[in-house]
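The structure appears right after this line, and notes come after that.
The values are calculated or read from the model by the stated rules, or taken from the named source; none is laboratory data. Quantities reported herein were computed from a predicted structural model and do not represent experimental measurements. When we count neighbours, we look across all protein chains shown, and the Cβ atoms used for this are built from the backbone with ideal geometry, even at glycine. The area values use the complete protein model at the heavy-atom level, side chains included, leaving out ligands, DNA and RNA. Shrake-Rupley method; radii C 1.70, N 1.55, O 1.52, S 1.80 Å.
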Amino acid sequence: MSEDYEVEFIDRDERDARFVVRDITPAFANGIRRAIVSDVPTLSIDTVRVIENSSVMFDEQISLRLGLVPLTTPDDYDVGETATLALDVEGPDTAYSGDLVSADDRVEPADDNIPIIDLKYPEGADSPQRLEIEAEAVMDHGKSHAKHQGGVAVGYRHLQRIEVVGDAADWEDEPNILRGVIEDDGELVPTESFDHDLSKRYPGKEVEVHDVPNAFVFSIESDGSLPVSDLVLNAVDSLADRADELEQAVQL
Amino acid sequence: MDLRVIESEEAELSIEIAGEDHTFMNVLKEALLETEGVGAATYDMNPEQSGGQTDPILTIKTEEDTAPLDALETAARNVRDKTDSFRTAFEAAA
C-alpha cells in the first residue's frame, strides 16, 4: 500500500518556501512538520571559552546570544560533532555575528548582521572594552534546545477551493478576507494576488470556501542553517529511519 | 528504539516504544489503521511533567487471522513507503 504524493511549489527560496502536497494524510503532514522543528539537527554554539570580556554583560549572557546565532550546517556533520569558532572585537565597535571566524569555512553565521554586543571606549578608561572568545558549535536536535531548530516558521494549512453559490445582496460590500492558497480551475492562486479579499476576486458574488481534502499547503521558513529543501528531506529521512528501526526491532 | 511488551494476547498487543514522541507515534498509528486486519490502534503518552510513564504505549487490536506484531511490522513498512514516495515527489518538484 503505497500512496503517490504530488508536490507543487508556489514560492521557492533557500530560506522560505511554500508548496502544496496532495493526497497526504493529516497525520503524515503533521509528522513532517514536527520532524522539521525538532528532529533535524543543526550546528549551534554550545560551549564558550572566554578569553577576555570587559563588556558590560556577563559571560553567560554573551554565550546565550552566541548560541542563538544560526550557523550554516554542512551535511557531513553527525550529531555531537563540533566545530570551532572565534571572535575578537575591541571597542568602540559593535560585535556582530559576522565577526565570528570559523575553523571550518563551511560553518559560518547564516546572517552577518546580528548584533552580539556594543563595545565602548569609556571616557577616562585606560583601554577599550573588548570581547575575545573561542566557541565550540555542536550538532544537535531542536528537541534539546530551540537554538538547534532549523525551521523557524513551519506550518501547513488546507488548500482551499472557492464555490460561487449565487449573487451577493446589493447592500453587502464588506470585504471577505481569506489567507492561504486557493485552487481555481486546477491553478494555484496565493490569496495575496487579490489582496486576501475574496470580494475582489469574485465581485458581487456570494461564495463558499471549502477545504480540498488531503491537500496541504506547507509554508516553511529556515533560519539559514539549512536550505528549506534539505530541512524537508532530512525530516522525512528521520521518520524513515525510525520506521526502519521499528521494523527491525519487531522482527527480532 | 527499545520495545517492551506490556500485554500480549492473540488479538491484542500493548507495547512501549521508548524514546519516541507524537512525531512518529501519530504517523505510525495512522499507518496501523490503514493496515488490513487491524481493528483498533491507539497510543497513549503522558507529558514529561506528569512523572512516571512518559514513553508512549501503543495498543493494537486486530481482527481474526492477523497477529498484532505482524500488523505492526506491516505498518512500519507502510510508513517507510510513505516517506519514500514523499521524497520522490518532493525531489521531482524541487
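Scanning the stretch A:1-11 for residues being loosely packed, with under 14 Cβ neighbours inside 10 Å and either more than 9 Å from every other protein chain (Cβ to nearest Cβ) or in contact (Cβ under 8 Å) with a residue 40 or more places away in the chain (or both) gives a total of 1. Just to be sure, is residue B:33 open to solvent by 60 Å² or more (accessible area, probe 1.4 Å), part of a helix (DSSP H, G or I) and aliphatic (A, V, I, L, M)? So residue B:33 fits the description; yes. Residue A:25 fulfils the conditions (1) at the interface with chain B (Cβ under 7 Å from one of its Cβ atoms); (2) open to solvent by 40 Å² or more (accessible area, probe 1.4 Å); (3) polar (S, T, N, Q) except for a single criterion, (2). Taken over the stretch A:91-111, the criterion of being charged (D, E, K, R) and either within 17 Å of residue A:64 (Cα to Cα) or outside any loop (DSSP other than H, G, I, E, B) (or both) is satisfied by A:93, A:99, A:111. Of the strands (runs of 3 or more DSSP E) entirely within the stretch A:178-252, those holding at least 2 residues that are within 12 Å of chain B (Cβ to nearest Cβ) occupy A:205-222.
For the stretch B:13-28, filtering for residues that are more than 7 Å from chain A (Cβ to nearest Cβ) and open to solvent by 50 Å² or more (accessible area, probe 1.4 Å) leaves 1. When the residues of the stretch A:98-147 are filtered to those that are free of Cβ contacts under 8 Å to residues at least 12 places away in the same chain and among the aliphatic types (A, V, I, L, M), the one that is most open to solvent (accessible area, probe 1.4 Å) is A:146.
Scanning the stretch A:213-242 for residues that are open to solvent by less than 20 Å² (accessible area, probe 1.4 Å) and touching a Leu at 6+ places or on another chain (Cβ under 8 Å) gives A:215, A:216, A:217, A:220, A:222, A:225. Filtered by the rule that a residue be within 14 Å of chain A (Cβ to nearest Cβ) and open to solvent by 50 Å² or more (accessible area, probe 1.4 Å), the stretch B:56-94 gives B:69, B:70, B:74, B:77, B:80, B:81, B:84, B:87, B:88, B:91, B:92, B:94.
Residues that are over 11 Å from the mean Cα position of the chain (by Cα), open to solvent by less than 70 Å² (accessible area, probe 1.4 Å) and under 30 Å from residue A:17 (Cα atoms) do not occur anywhere in the stretch B:43-52. Considering every residue within the stretch A:244-251, establish whether at least one is of a type in the set (A, V, I, L, M), buried (at least 19 other Cβ atoms within 10 Å of the Cβ) and under 25 Å from the mean Cα position of the chain (by Cα). No, because not a single residue in the stretch A:244-251 is of a type in the set (A, V, I, L, M), buried (at least 19 other Cβ atoms within 10 Å of the Cβ) and under 25 Å from the mean Cα position of the chain (by Cα). In the stretch A:159-173, the residues that are open to solvent by 80 Å² or more (accessible area, probe 1.4 Å) form Cβ pairs under 8 Å with partners that are assigned to a strand (DSSP E or B) and among the aliphatic types (A, V, I, L, M), at six or more places apart or across chains, as follows: A:161/A:182; A:161/A:209; A:161/A:212.
Could you list, in sequence order, the residues of the stretch A:28-56 that are within 14 Å of chain B (Cβ to nearest Cβ) and open to solvent by 60 Å² or more (accessible area, probe 1.4 Å)? Matches in the stretch A:28-56: A:33, A:34. The residue pairs whose first member lies in the stretch B:5-31 and is at negative phi, whose second member is of a type in the set (Ser, Thr, Tyr) and assigned to a loop (DSSP other than H, G, I, E, B), and whose beta carbons are closer than 9 Å, counting only pairs six or more residues apart or on different chains, are B:11/B:66; B:27/A:25; B:30/A:25.
Scanning the stretch A:12-21 for residues that are facing chain B (nearest Cβ under 9 Å) and open to solvent by 40 Å² or more (accessible area, probe 1.4 Å) yields a single hit, A:12.
Every residue, every condition in (1) acidic (Asp, Glu); (2) assigned by TED's automatic domain parsing to the domain that holds residue A:156; (3) assigned to a strand (DSSP E or B); (4) within 22 Å of residue B:80 (Cα to Cα), yes or no:
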{"position": "A:18", "(1), (2), (3), (4)": "no, yes, yes, no"}
{"position": "A:21", "(1), (2), (3), (4)": "no, yes, yes, yes"}
{"position": "A:27", "(1), (2), (3), (4)": "no, yes, no, yes"}
{"position": "A:30", "(1), (2), (3), (4)": "no, yes, no, yes"}
{"position": "A:47", "(1), (2), (3), (4)": "no, no, yes, no"}
{"position": "A:51", "(1), (2), (3), (4)": "no, no, yes, no"}
{"position": "A:55", "(1), (2), (3), (4)": "no, no, no, no"}
{"position": "A:64", "(1), (2), (3), (4)": "no, no, no, no"}
{"position": "A:89", "(1), (2), (3), (4)": "no, no, yes, no"}
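In the stretch A:126-154, which residues are acidic (Asp, Glu) and assigned to a loop (DSSP other than H, G, I, E, B)?
A:126
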